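These notes are about the structure you will find just below.
Read the figures in this text as sums done on the coordinates, not as results from a lab. Note that the structure is a prediction, hence the values are computed from the model and not measured. Cβ placement follows ideal geometry from the backbone for every residue including glycine, while neighbour counts extend to all protein chains displayed.
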Amino acid sequence: MISPETTTVTTLYTTLDSPLGELLLVGEASATAPGGTALASLTMPQQQSVGVQPHWQHAPDSFAEAVQQLRAYFAGELTRFELEFRTDGTDFQERVRQALEAIPYGTTTSYGRLAEVLGVPRRDVRALGAAIGSNPLLILRPCHRVIGADGTMRGYAAGVEAKIALLTHEGSLQPTLI
């Protein structure tokens, strides 16, 4: 019996200071990705996450393209990311995550409307919400643009405050004066 070849994938990471705090970018080398790294996750400081693992390789140069695009986004110069993603999820989760990318910058949609666009029956809207909540690429796959039908801010992995900050940055919400 011939044993199958095993491919070892090196997990790469870097961090980026942003208006929302330090972002953790994680990915792996890819010959087809802009900049050579396909992103697997973008974690914000407010998230309860695993954090950097000992076997990961710190490789800031590998994320130069992603960092450049994120800086342009926060500077108000970029409204759509052109990066390669490599995420693990069920077919349903990946279909929902890809639909998030179609929500235009500066707009929002509701969970119900997104379910309608995807042809998800009303009884499965909770599953849609769970798929959105499991999105590992915050900001890049803009799950922050999905809000309640009544305009309320529903959960966000990095906290509702971060969701409000992103929507305000994009012009979907007006800044609040205190």
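Structure summary
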quantity: For the chain, diffusion coefficient by Stokes-Einstein and Kirkwood Rh (Cα), 10 °C, 1.306 mPa s, µm²/s; calculated: 92 µm²/s
quantity: Euclidean distance between Cα centres, the stretch 119-178 to the stretch 20-53, Å; calculated: 20 Å
quantity: Gained length - Val52 relative to Thr10, 0.36 nm times residue gap less alpha-carbon distance; calculated: 13.8 nm
quantity: Value of [θ]222 nm, deg cm²/dmol, for the chain, DSSP H segments ≥ 4, -39500 (n - 2.57) each, nearest 500; calculated: -8000 deg cm²/dmol
quantity: Highest to lowest packing among 52-62, 17-27, 77-87, scored as the average C-beta count within 10 Å; calculated: 17-27, 77-87, 52-62
